[in-house]
Amino acid sequence: MSNRIVIFDTTLRDGEQSPGASMNAAEKLRLAIQLEKLGVDAMEAGFPAASPGDFEAVKLIAGKIKKCQVTALARASKEDIDLAWGAIKDAVNPRIHTFIATSDIHLEHKLRMTRDEVVEATIEAVRHAKSFTDNVEFSAEDGSRSDPDYLCRVFGAAIEAGATTVNLPDTVGYAVPDEFGRLVAYVRENTPNMDRTVLSIHCHNDLGLATANTLAGLEAGARQAEVTINGIGERAGNTSLEEVAMSLFTRREHLQLETNLDTREIYPTSRLVSMVTGIVVQPNKAIVGANAFAHEAGIHQDGVLKNKMTYEIMEPETVGLKSNRMVIGKHSGRHAFKQKLTDMGYEIDGDDLNRLFDRFKELADKRKEILDEDIEVLVAEEILRVPSRFQLEYLNVVSGTVAVPTATVKLRIDGEEAQSAGFGVGPIDATFNTIAKMTGTHSSLLRFSVTAISGGMDAQGEVTVRLKENGVVALGKGADPDIITASAKAFIHGLNRLEYLKQNPRLSLNESAL
Ligand code: KIV
Ligand code: ZN
């Protein structure tokens, strides 16, 4: 058996099912390009039957991605499969991924179908998908809670109908590693013609066991792992790509399994996913958390200084974290700034560079030292830049234990100056209320998060908001040493993006209905 593991990334589909994580087509495309750079073998670009927006996003990605397989999800129905194919038919390497549930709980309560009917639906769906492309994946939803012999029967029927990959999901994150490994081994041994297909696994993290279950499945002979960046996904998420990738890499002598991933792209991909979804990575998250390579205890620091191997099992550089940071500040010139961007992997020139440099100088006047994270925020804001109807000119906020929180805001709206004041339950609420009143917008706030970009009392606060108005969802980001100003910037950025998306509906966001 080959020791090469196919990495199937589903950040753009299952990952997008994380509450509040929906991305627009342009954001998805940017992420798809980065996933290709990371070296995933297949990416699930979306679920075209979920909405016209999802269809468009998958089509856009399918037209741009050249090396990696582009997959679209479809229920086991002719209509879904037609839509999936319609969205990916121009891809260089398209794959249709069709699924139906196989557990008795789902058959009885959700599908209201008999076991025989599900087998029939499987055969029809795979045959129909096969009429478009040779590359067809079939998933048995809730596979880990299905009767193993029935699972083998369904997989056997799917393979007979032409499935080239069969996927065993732990849809509700119920499995434990030794049991899941045994199930994978059982399915391998007892499914007719299993040698004609790739056996895949897809785990969810409800018990925090997704990575352990995935590794157990691979050790038991599965050869495709379905994963997401930062482990985002439905409920507690999916198996995290970076954890599987670095387990396979760090323990390669023990596990003897390989991937095509360029592990140095892990950290940049993680940052990009966090940026476009607004989902902050927990500091102690394995591999990509801010503390993943930080040594706090004196005894550990002493050990690492003497020999890194005492407490470090991976080199930070392997996942794309730079250790020799060139520090730049207010005395750095344009050349040093450009060099810094290049070192961080950003090729930015011309007007974009000038604009970024001006913003860097503004920040450097306020802070002694500018860290890579600060620059990432500036770059992120530029990447997410859209034409600005609304611009912040001035903000003054009064709040405290006795004052009624009041915000006075001056904006430029379509080039005209406007000023107003308003109240709220706190300073941020007062600011948002005033800005909403002045711009005549009625968005609801889906997500609001503040993170300190770097340590210390003069750290920049980075605020992320997700706004929704008339079914359109937009992300806004703002950074400033003052978190109320950062919040105002993020809110205005989000409102500008909402305006832009409303006028460009093809780029608009959608909420998957799976
Ligand atoms: O978790 C699951 O079962 C899924 C399938 C659609 C593969 O996401
Ligand atoms: Zn899933």
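Observations, loosely collected:
- Taking amide H as placed 1.01 Å from N in the peptide plane, residue 18 has its amide H under 5 Å from the amide H of 233, 234, each at least 5 places away in sequence or on another chain.
- The range 1-58: C-alpha gyration tensor shape, a/c 1.5 cut-off, then a/b vs b/c: prolate
- Tilt relative to the chain, helix 148-161 - C-alpha long axis, 0 to 90 degrees, to 10: 90 degrees
- Anisotropy class of the range 30-135 from Cα gyration tensor, a/c 1.5 cut: prolate
- Rh by Kirkwood over Cα pairs, then Stokes-Einstein D for the range 390-503 at 1.306 mPa s and 10 °C, µm²/s: 112 µm²/s
- Kirkwood-based shape ratio for the chain, expressed as Rg/Rh from alpha carbons: 1.00
- By the compact-protein rule of thumb, 2.2 N^0.38 Å, the alpha-carbon radius of gyration of the range 6-284 corresponds to a ratio of 0.92.
- Divided by 2.2 N^0.38 Å, where N counts the residues, the Cα radius of gyration of the range 157-233 comes to 1.07.
- Order by protection proxy (mean Cβ within 10 Å, highest first), peptides 117-130, 328-341: 117-130, 328-341
- Per principal axis, descending, Cα span of the range 298-382 in whole Å: 47, 25, 21
- The packing ranking of peptides 347-357, 243-253, highest mean first, is 243-253, 347-357, where packing means the average number of other beta carbon atoms within 10 angstrom of each residue.
- Once C-alpha pairs closer than 8 Å and six or more residues apart are averaged by separation and normalised to the residue number of the chain, the relative contact order reads 12 percent.
- Peptides 134-140, 435-441, 212-218 ordered by average Cβ neighbours within 10 Å, highest first: 212-218, 134-140, 435-441
- MRE, 222 nm, helices only [DSSP H, n ≥ 4, -39500 (n - 2.57), over the chain, to nearest 500]: -12000 deg cm²/dmol
- 0 to 90° range, to nearest 10: angle between helix 25-38 axis and the chain longest Cα axis: 70 degrees
Each value in this text was obtained by applying a stated rule to the coordinates, not by laboratory testing. Because the structure is a prediction, the values reported are computed rather than measured. FYI the Cβ positions are ideal-geometry reconstructions off the backbone, even for glycines, and counts take in every protein chain you see.
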